[in-house]
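The values are calculated or read from the model by the stated rules, or taken from the named source; none is laboratory data. No experiment lies behind these values; they were computed from the predicted model shown. Neighbour counts run over all protein chains shown; Cβ positions are idealised from the backbone, glycine included.
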There are 2 protein chains.
Amino acid sequence: MRIGFIQTKPVFGHVEGNVERAVKMIHRCDADLIVLPELFNTGYLFTSREEVRELSETVPKGRTTEALREVAAERNVHIVAGLIERSRRKYYNAAVLVSPDGSVETYRKIHLFHEEKLWFDPGDRPFTVYDIGSCRVGIMICFDWFFPESMRILALKGADVVAHCANLVMPFCQDAMITRCLENRLYAVTANRVGSEKRGGKFCLYTGRSQITGPQANLLYRAGAGEEEIGTAAIDVAAVRDKRLNAHNVLLDDRRIEFYSDLTAPGAGAGDA
Amino acid sequence: MRIGFIQTKPVFGHVEGNVERAVKMIHRCDADLIVLPELFNTGYLFTSREEVRELSETVPKGRTTEALREVAAERNVHIVAGLIERSRRKYYNAAVLVSPDGSVETYRKIHLFHEEKLWFDPGDRPFTVYDIGSCRVGIMICFDWFFPESMRILALKGADVVAHCANLVMPFCQDAMITRCLENRLYAVTANRVGSEKRGGKFCLYTGRSQITGPQANLLYRAGAGEEEIGTAAIDVAAVRDKRLNAHNVLLDDRRIEFYSDLTAPGAGAGDA
C-alpha cells in the first residue's frame, strides 16, 4: 500500500478555499491513506474562543467532513485531516478519519500546545487504532509527538501507521519522529503546513518539511519547508507487525512493565522550578 | 558543574589492565561526574555463563569497585561505570555509582540486549535516581535507551542527568538520545566503547561516538568513532529542573496519565509476526 500527505498553506478563516485546494491536491495524491495538516481548513492562529466557535463544525455532518467524504469515496482513499470539532458546546482540536464507504472516526487532541489551552477543550477519549483493511491506523495531532507515551500507546494497540496531523512551529519534531518510529517499529506520516500567520499581535511561521518516516530510522520522504507539496511512499505492513529485533529481542514484549508503574502514578515527579 | 565520559577500548578478560587504563583517564578528566562504558573492565562478547561468572565481582568489595572508590576519593568525583555484579549466584549487567565518600550504589540493567539474555540475569530493581549534591543522577545501561520508558521514569523521579553506560553496536542511539533528552528536558552522558571483539565465531564492532546531550536538542560533545577519548561539558542543573516549555505548557505536568493506562497493562498490544 502507499501512504502520503498533502502539505498545504491555508488562509486563516477561508474554509471554503482551503478545503477546495486540499481536495484538488488529494486528487493528485497517489496513496491509499492521505494525511492532511492539523486545522487544515481553518488556519491555526486563533485569538478568541469566539473565533474557534465560528469556525468549528460538527462531525460527520459539517461541510469539511462532507467534502472529505465525497473525495474519499470518489478516489477510494482513506483521509485523516485536522479540523475543529464542535460537540455539546465543546470545541476540540480534532482529526477525522474518513473512509471511502463514508464512515468517519474522530480523534480529539490529547496534549494541547501553548494557547490552544485557551481556545480548545482537551481530548476526552483514549488514543485509538482503526483497522482500515490495508493497515491499522493510529492518529496523533502535532504536540502529541513530544510525549513518547502517545505513539507508544498506539503501537501497543497495534498501529502500523501513525497519521500525524501537524502545524509545527518548532524545528525538533521531524528528527524526533525517526526515533518515535524506531522505538515502536511503525510508520508515520507527519503532515505539516507551510506559510505564516500574523493575527492579534502574534506571529507563527510553520516549518513544513512534512515527512514519511520508516521503522528503521529511515526517511521515506521529506518535503521542503516553504511550498505546498504532495508526498507519498510505499510501505510494508507485514514488516512492522513483526516486532523481532533479533533472535532474542521482541520489541514490545521486552518492555518490563513491572518496573513501569511510575508512568501512570498520579503526581509523579516533575522537577521543581 | 561539569559532566564527562571516558571512551575506552577494553581488552576482553584483562580486568586489571582495563581498570588501570581507565583510572589513568579518570585522572585526566576534568568533571564532577564521570561516566564509563558498560562492562568497561571485562569486555562484552561473552560466550558462556562460565566466563561471566569468572569475570564477575561482588559490590562494593570487588577489585574494580575498590579501584573506582580509590580514584573517586582521590579526585573528589562521582563515577558511574559498568561491570558484572555477582550476588547470590546471580550475575547482573550492572553499573556502580561510586561517590568520593566511598559509598556505592548499583543499577542492574533492566532491558537486556540479544545474547545478554543468555549470560545475565535481568535487573530486579526499579530505575532509581541518586542525589549526589551537585545534581540528581539516573542510570541506564546501553539498550535501555531504546525504551522511552527508561528515561521517562528517571525524569519523573527527578533526574537532572542520566549516566548512560554503553557498548553500542548499532548506529541509532546517539541521534535518539537527542530526542530522549528533549522529551524529558535533562542531560545525558552516553559513554560508549571503541574497538572490536571476535570470540567464539562472533564479532562485535563498537561504534564509539560517546556523547553528552543537552535538553534542547543540542549536542554538548560527540566523540570520534575509533579511538579512546575523554569528553566533558559544563551543565546548568537549574535549567533542567524548570520544566516550563512556554507560558502554558509544563513538560511533565502536561502528561495526561488518565489516558496512559495501556503503558502498564499486562499483555498489551505487540503486533503479530
| task | State all residues of the stretch A:109-133 that are part of a strand (DSSP E or B) and within 11 Å of another protein chain (Cβ to nearest Cβ); if no residue qualifies, say none. | result | A:Val129
| request: May I ask you to say which residue of B:Ala238, B:Ala234 is surrounded by fewer than 16 Cβ atoms within 10 Å (Cβ to Cβ), more than 20 Å from B:Val169 (Cα to Cα) and within 19 Å of the chain's Cα centre (by Cα)? | output: B:Ala234
| task | Could you identify the single residue in A:Arg255, A:Arg193 that is in a loop (DSSP other than H, G, I, E, B) and away from chain B (no Cβ under 13 Å)? | result | A:Arg193
| note | Over the stretch B:149-176, the set of residues in a helix (DSSP H, G or I), surrounded by fewer than 24 Cβ atoms within 10 Å (Cβ to Cβ) and in contact (Cβ under 8 Å) with a residue 24 or more places away in the chain is B:Leu156, B:Cys173, B:Gln174, B:Ala176
| request: Working only within the stretch B:80-103, note down all residues that are over 19 Å from B:Glu116 (Cα atoms) and over 11 Å from the mean Cα position of the chain (by Cα). | output: B:Val98, B:Ser99, B:Pro100, B:Asp101, B:Gly102, B:Ser103
| request: May I ask you to list the residues in the stretch A:26-64 that are assigned to a helix (DSSP H, G or I) and out of contact with any Asp or Glu (no Cβ under 7 Å at 6 or more places or on another chain)? | output: A:Ile26, A:His27, A:Arg49, A:Glu50, A:Glu51, A:Val52, A:Arg53, A:Glu54, A:Leu55
| said: Can you pull out every residue in the stretch A:38-58 that is under 25 Å from A:Glu227 (Cα atoms) and in contact with a Ser or Thr (Cβ under 6 Å, 6 or more places away or on another chain)? | reply: A:Phe40, A:Asn41, A:Leu55
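Yes/no per residue for (1) buried (at least 18 other Cβ atoms within 10 Å of the Cβ); (2) within 14 Å of another protein chain (Cβ to nearest Cβ):
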| residue | (1), (2) |
| --- | --- |
| B:His14 | no, no |
| B:Arg28 | no, no |
| B:Leu36 | yes, no |
| B:Phe46 | yes, yes |
| B:Thr58 | no, no |
| B:Tyr107 | yes, yes |
| Test: residue in the stretch A:4-11 that is of a type in the set (A, V, I, L, M), in contact with a Cys (Cβ under 9 Å, 6 or more places away or on another chain) and within 13 Å of A:Glu229 (Cβ to Cβ) | yes
| request: Output the residues belonging to the stretch A:72-92 that are assigned to a helix (DSSP H, G or I) and of a type in the set (Asp, Glu). | output: A:Glu74
| said: I'm checking my understanding of the structure. Among residues of the stretch A:214-252 that are in a loop (DSSP other than H, G, I, E, B) and among the charged types (D, E, K, R), which one is farthest from the other protein chains (Cβ to nearest Cβ)? | reply: A:Glu228
| said: Given the criteria at positive phi, more than 12 Å from every other protein chain (Cβ to nearest Cβ) and surrounded by fewer than 20 Cβ atoms within 10 Å (Cβ to Cβ), does A:Gly201 qualify? | reply: yes
| said: If A:Leu205 meets every condition in (1) in contact with a Ser or Thr (Cβ under 7 Å, 6 or more places away or on another chain); (2) touching a residue at least 40 places away in the same chain (Cβ under 8 Å) apart from one, which number is that one? | reply: (2)
| said: Can you report the number of residues in the stretch B:213-231 which are acidic (Asp, Glu), in contact with a Gly (Cβ under 8 Å, 6 or more places away or on another chain) and buried (at least 16 other Cβ atoms within 10 Å of the Cβ)? | reply: 1
| query | Going by the structure shown, is A:Ala72 hydrophobic (A, V, I, L, M, F, W, C), touching a Phe, Trp or Tyr at 6+ places or on another chain (Cβ under 7 Å) and either surrounded by 20 or more Cβ atoms within 10 Å (Cβ to Cβ) or more than 18 Å from A:Phe113 (Cβ to Cβ) (or both)? | reply | no
| request: Specify the residue that is surrounded by the most Cβ atoms within 10 Å (Cβ to Cβ); the eligible residues are those in the stretch A:177-190 that are aliphatic (A, V, I, L, M) and either within 14 Å of another protein chain (Cβ to nearest Cβ) or in contact with a Lys or Arg (Cβ under 9 Å, 6 or more places away or on another chain) (or both). | output: A:Leu186
| said: Can you tell me which residue is modelled with the highest pLDDT among those in the stretch A:258-268 that are surrounded by fewer than 17 Cβ atoms within 10 Å (Cβ to Cβ) and within 7 Å of another protein chain (Cβ to nearest Cβ)? | reply: A:Ser261
